[in-house]
């Protein structure tokens, strides 16, 4: 009977259940991207610079795609539907020469008839990386804990790192006045460590995964962050603590309020997101009532005293109650460049983890 040498047999404990699986002793532990809270400011800067360079090379030079991942496969395991994340991931993988294998909730038994532990071990044994869009953050943590390949969090209930990378790249580009593609596209020439610190960002909306990710990343980068959320919709206390500790180190101000006008005071950028996320449809009427007065409008920005040149961002899809058409389709709106930047920042993350094995 065939048997593996004892050093290759490991035991994994989940509660009272003991499971056995085989691990390669020669294979180093993979690096994952579960939240920007795990990265240093320098590592975030490096990802943004890499994103800008890839975008410049693809759109403004004749350089062919480098395709360092030719012959590689990345599983795109999504428990939730997606437009921007799926298109960004598949097109980024194609640019790098890899195959993206989409596995939706109807395609695999993700945490249903097969445990996340078993799924992680099996799928990671056949692919070179996993892009996972899940419900609870503990799900992506379980996948990462038992995967032998890099895991990128494409969204969980607590964090959304790939969205924040796109937002930060958009802020960086806006600061360098290079959102419109030109032959002298220059976002790559000015380092984000110079363009981001001192910016004032206002969040007006739900204390959800986007705001959580903003709190663990923006103050770390020297970005001032003010957030207005209704009572009962505040962000997680642990991420607020992280934000305040980072702010003390960098000098970034962190303000939490229930008054939208207070949040937008002196803001360079106003940000919001959906008030009714996937899975919260039964709460819609109550949420619309609770968020009365939180719609982003020119009048709100004027009453609150936002800076004259303020910009608007939204991760999409957008509903009119969150922001009116006057703002959403105005010259202030960065939503469509922000959406495109999902591709370039996801590409940079995949390049970092699957090609270089580090940030």
* Compute the separation of the alpha-carbon centres of segment 281-355 and segment 190-214 and state it in Å as a whole number. => 12 Å
* Structure fact -> Plugging the Cβ-Cβ distance of residue 299 and residue 245 into 1/(1 + (r/R0)^6) at R0 = 35 Å yields, to the nearest 0.05, a FRET efficiency of 0.50
* Asked: Against the longest alpha carbon principal axis of the chain, how many degrees, from 0 to 90 and to the nearest 10, is the axis of helix 84-95 turned?
  -> 60 degrees
* For the chain, what is the percent of antiparallel DSSP beta bridges, rounded to the nearest 5? -> 15 percent
* Please list 210-216, 126-132 highest first by mean number of surrounding beta-carbon atoms within 10 Å per residue. => 210-216, 126-132
* Structure fact -> On the formula 1/(1 + (r/R0)^6), with r taken between the Cβ atoms of residue 325 and residue 289 and R0 of 22 Å, the FRET efficiency rounded to 0.05 is 0.50
* Calculate how steeply helix 137-146 sits against the longest principal axis of the alpha-carbon atoms of the chain, using the helix alpha-carbon long axis, and give the answer as 0 to 90 degrees to the nearest 10. => 30 degrees
* Asked: Using Cα atoms only, what is the angle between the long axis of helix 335-350 and the major principal axis of the chain, expressed in degrees (0 to 90) to the nearest 10?
  -> 30 degrees
* Asked: Of the listed peptides 293-301, 140-148, what is their order by residue-averaged count of other C-beta atoms within 10 Å, with the highest listed first?
  -> 140-148, 293-301
* Structure fact -> residue 73 and residue 43 label points (each 7 Å along its Cα→Cβ direction) are spaced in nm at 2.9 nm
* Asked: Roughly what % of Cα-Cα distances in segment 163-340 sit above 23 Å, to the whole percent?
  -> 37 percent
* To do: State whether the chain is rounded, prolate or oblate according to the following rule on the C-alpha gyration tensor (a ≥ b ≥ c being the square roots of its eigenvalues): a/c under 1.5 gives rounded; otherwise a/b larger than b/c gives prolate, and the remaining case gives oblate.
  => prolate
* **Residue-averaged 222 nm ellipticity for the chain, from DSSP H runs of 4+ at -39500 (n - 2.57), nearest 500** => -11000 deg cm²/dmol
* **Net length gained if the chain between residue 255 and residue 57 were fully extended (0.36 nm per residue, minus Cα distance)** => 67.4 nm
* **At 1.306 mPa s and 10 °C, Stokes D of segment 252-359 from Kirkwood alpha-carbon radius, µm² per second** => 101 µm²/s
* Packing-wise, with mean Cβ within 10 Å as the measure, how do 151-162, 74-85 rank, highest first? -> 151-162, 74-85
* In nm, spacing of pseudo-spin labels at residue 316 and residue 194 (7 Å Cα→C-beta vector) -> 3.1 nm
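Readers should treat all values here as calculations from the given coordinates under stated rules, not as data from a laboratory. The shown structure was predicted, so the numbers you read here are calculated from the model rather than taken from an experiment. Every residue, glycine among them, receives a Cβ derived from its backbone with ideal geometry; neighbour counts consider all protein chains shown.
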